[in-house]
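Okay, structure first, notes after.
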Amino acid sequence: MKRLEPLIFEVSSPGRKAYSLPELEVPNSCVCNFLPESELRKTAPELPEVSEVDLVRHFTRLSQLNHGVDIGFYPLGSCTMKYNPKVNEEAANLPGFTDIHPYAPVETVQGALELMYNLQNYLCEIGGMDEMSLQPAAGAHGELTGIHIIRAYHKSRNDHARTKILIPDSAHGTNPASGVLAGFQTVQIPSDSRGGVDVEALEKVMDETVAGLMLTNPNTLGLFDENIEKITEIVHSKGGLLYYDGANANAIMGICRPGDMGFDVMHFNLHKTFATPHGGGGPGSGPVGVKKHLAPFLPVPVVKFDGQKYYLDYDRPQSIGRMKGFYGNFLVMVKAYAYIRSMGPDGLKAVSENAVLNANYVLRRIVDYYDLPYDRHCKHEFVVSPQRIKEETGIHTMDISKGLLDYGVHPPTNYFPLIVDEAIMVEPTETESKDSLDYFADALIEIAKLAYSDPEKLHQAPHTTVVGRLDEAGAAKNPRIRWQKEA
Ligand SMILES: *Cc1c(COP(=O)(O)O)cnc(C)c1O
């Protein structure tokens, strides 16, 4: 069968060119004139030979094979795949930002430092923190930074007995990974029947060997922990610190603040909450905020202002050191800054209100067709499970997600959090219209009905995509990432 989507090598035809240049008017000067014979290749490389139009069509077609938030609905829970306003890109494309060099003297980049300084302050205000570092490159990197800060804090007090970090069983996998990377033993805390931290279990394990607790609130079930003040009190009373995983900040902006809940250190994911594109592996940004007592441990340098000029503060003897080359992913900061400025405080609050409203709307539309493990109002995302559908029809979460592809929708997050069997985690985000929410809810309902009427069709889904069910484990274990000429 002919491949539907040929590789660029396969559309190649000898002699075709995607350029036309005038005749050379000067002597031909080639590196081959200077390199020793032994270093020169004997035969020309086999590069694809294509015309300009074939080249353009090839890459345009490739770009269309990818699903993105600019193409369709993308309710990937925990990832906040909101629409990213193009004005942010405009700002980040200004030559004054793109053409500066990290080694440029600070006097020549005052504008960039001012932007970073202001962004630090905005994020402190939104999070209820006192100081902020923009260095970490992602949320996970922010977690690692924060846990190192917690470690440095206890060490500075000669408190060396604290070897454990507590983490709820609903946590994102990066939380235990960060704890372990920073040299701690992680201890899992179970969830209670309402999906929050089991306070009694927490009380039992919380003692002077615990360095801190990492918590996401609302958690990955999309549920706000009703006992948050009690939780922070329990941890603090035994000398522990609280780390806030801010990946779900899209639910709370302008409504409540981790600092006011009692958290000592936190990160934001600028690429999630603050509308900078992500999903292709970066670049991201995971600023870390701290309360005053942890400020001495922040990574250096911190951007400061002396009333006249912006400068880089390296004078922090207790700093955990540098977490990233230079200052972090600057252009992501520019986009987040543009987003915060264009939304304003009321706009950011409206973001969270609408994110929560949209999630509850979708949840209530589909709740008769899917099981709801914790029957509460959700925040910006929710988790349902096709438990009944699975038992009655043999259709799994994977089949439902593959079925959604035929509706042109990116599937929700699957099989996470781990505490819900067959989890389907939906985060619609605030930027979707009621029409697209209804379209998605209708699709989920149709799929639930199809599970009973024609399960085989769902087992075979997707039917409309370029490729169907892939051998995902095979692709990960034996990736073919390079074209090889057929013998
Ligand atoms: C996305 C996410 C993280 C990790 O953030 P990255 O920026 O992807 O490293 C951590 N915790 C939660 C709850 C998340 O959703």
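Here, each number is a calculation from the coordinates, and none is a lab measurement. Computed from a prediction, not measured in an experiment: that's the story for all the values here. Please note: Cβ atoms are built from the backbone with ideal geometry, for glycine as well, and neighbour counts cover all protein chains shown.
The mean of 1/r over all distinct Cα pairs in segment 178-325, once inverted, gives the Kirkwood hydrodynamic radius of 17.1 Å.
Shown for Y117, Y370: other C-beta atoms within 10 Å of each C-beta, ranked fewest to most, produce the order Y117, Y370.
On the beta carbon distance between Q185 and H160, with R0 = 22 Å, the FRET formula returns roughly 0.95. Dipole magnitude for segment 1-153: about 740 debye, using +1 per Lys or Arg Cβ and -1 per Asp or Glu Cβ, origin at the Cα centre. A simple spin-label model places pseudo-atoms 7 Å from Cα toward Cβ; at Q64 and L7 they are separated by 2.3 nm.
DSSP finds beta bridges in segment 242-373, and of those with both partners inside it, around 65 percent are antiparallel. Among rounded, prolate and oblate, which fits segment 11-116 when a ≥ b ≥ c are the square roots of the eigenvalues of its C-alpha gyration tensor, a/c under 1.5 means rounded, and a/b larger than b/c means prolate? Oblate. Given their separation in residues at 0.36 nm each and the Cα-Cα distance between them, D260 and H377 gain 39.9 nm when the chain is fully extended. The distance from the alpha carbon centre of segment 431-487 to that of segment 361-403 is 17 Å, rounded to a whole number. How many angstrom lie between the Cα centre of segment 189-232 and the Cα centre of segment 286-316? Taking the Cα centre of each part, segment 189-232 and segment 286-316 sit 30 Å apart.
For the chain, what is the charge dipole size about the Cα centre, in debye to the nearest 20, if Lys and Arg each add +1 at the Cβ and Asp and Glu each add -1 at the Cβ? Mind showing how you got there, number by number?
Details: 46 positive and 62 negative charges, 179 e Å.
Charge dipole of the chain: 860 debye, to the nearest 20.
Among R388, R257, R482, a tally of other beta-carbon atoms within 10 Å of each Cβ gives an order, fewest to most, of R482, R388, R257.
Only Cα pairs under 8 Å and 6+ residues apart enter the sum, and on that basis the relative contact order of segment 142-281 stands at 23 percent. Where the alpha-carbon atoms of segment 338-385 are placed on the principal axes, they occupy 41, 16, 14 Å, in descending order. In this structure, L21 and I71 have a Cβ-Cβ separation that, at R0 = 30 Å, corresponds to a calculated FRET efficiency of about 0.25. Taking the inverse of the mean 1/r over every pair of distinct Cα atoms in the chain gives a Kirkwood hydrodynamic radius of 25.3 Å.
Using R0 = 45 Å, the C-beta based FRET efficiency linking Y314 and N28 works out to 0.30.
How many percent of DSSP beta bridges within the chain run antiparallel, rounded to 5? Close to 50 percent.
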